[in-house]
1. Using only C-alpha positions, report the orientation-averaged shadow area of the convex hull of segment 63-165, nm², one decimal.
2. In the chain, what percentage of the DSSP-assigned beta bridges are antiparallel, given to the nearest 5?
3. Please label the shape of segment 22-66 as rounded, prolate or oblate, based on the square roots a ≥ b ≥ c of the eigenvalues of the alpha-carbon gyration tensor (a/c under 1.5 means rounded; beyond that, a/b larger than b/c means prolate, else oblate).
4. Pairs of alpha-carbon atoms within less than 8 angstrom and 6+ residues apart define the contacts here; what relative contact order does the chain have, in percent?
5. In terms of the Cα gyration tensor, with a ≥ b ≥ c the square roots of its eigenvalues, is segment 145-194 rounded because a/c is under 1.5, prolate because a/b exceeds b/c, or oblate?
6. Build a GNM of the chain with springs between Cα atoms under 10 Å: which of 101, 177, 163 gets the top mean-square fluctuation?
7. Let me know the number of lysine pairs in the chain closer than 24 Å at the Cα, not counting same-chain pairs under 8 apart.
8. If one computes the Cα centroid of segment 123-194 and of segment 59-105, what distance in Å separates the two points?
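The values are calculated or read from the model by the stated rules, or taken from the named source; none is laboratory data. Quantities reported herein were computed from a predicted structural model and do not represent experimental measurements. Side chains are part of the model used for accessible areas, which takes the heavy atoms of the whole protein and leaves out ligands, DNA and RNA. Shrake-Rupley method; radii C 1.70, N 1.55, O 1.52, S 1.80 Å.
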Amino acid sequence: MKISLNVHDALLIVDMQNDFLPGGNLAVRGSDAIISVVNNYIQNFAAAGLPIFASRDFHPADHISFQSRGGTWPPHCVAGSQGAEFHPDLHIPENAVIISKGTTQDAEAYSALDATPLRQQLRNNNIKRVFVCGLATDYCVHASVIDLLKADFSVFVLCDAIKAVDVQPGDGDRALKELTDKGALAITTDNFIL
Ligand code: VGL
Ligand code: ZN
């Protein structure tokens with residue numbers, strides 16, 4: 001499949017934050033390897049004048065997902081902390097739209113569409129196809145793609161620019177298979193005509 005970008009396309013970069021990169025509180029192994037690939041996608045969407053959305057996990061200090069509250073995760077991406085900042089090597093454009101999620105103390109929100117304005121912003125921009133990259137394949141990328149499909153967007157998962165937590169071996173592969181079974185298309189940089 002060869003893809004050329006058009007005015008109905010947008011890029012969604014999921015949670016490329018310090019805490020999910022090596023050295024962070026919830027580091028995804030190997031996630032630094034995708035930074036340059038994400039930057040390359042950013043460059044191509046920006047050059048085409050297309051909207052770029054960047055989600056960020058942005059939790060209160062005592063978020064329900066933290067182990068201190070009986071949740072799954074170590075404290076991570078606490079709003080205002082260094083860990084919640086986008087990785088400094090990532091070139092997020094000035095005009096990118098930042099989507100904060102998981103901001104409510106007592107609710108988990110993996111999806112970038114969960115209690116955020118993203119769905120409406122995509123519709124306002126007349127977006128039909130959303131190209132998704134970032135972290136992590138088996139959590140926030142997965143949940144975001146599921147919600148995008150439910151909202152009737154065509155979704156392309158940029159497989160050379162995602163990485164899984166893999167709490168259990170194979171979680172990332174299973175998550176990706178579920179997404180393609182549900183209608184998302186798995187592509188890489190090689191699929192683009194630029
Ligand atoms: C995420 C675990 C906890 C993610 C967020 O961005 O995939 N994973 N919070
Ligand atoms: Zn989180």
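1. Mean projected area of the Cα convex hull: 7.2 nm².
2. Around 5 percent of the beta bridges assigned by DSSP in the chain are antiparallel ones.
3. It comes out oblate by the Cα gyration axes.
4. 25
5. oblate
6. 177
7. 16
8. Answer, in whole Å: 20.
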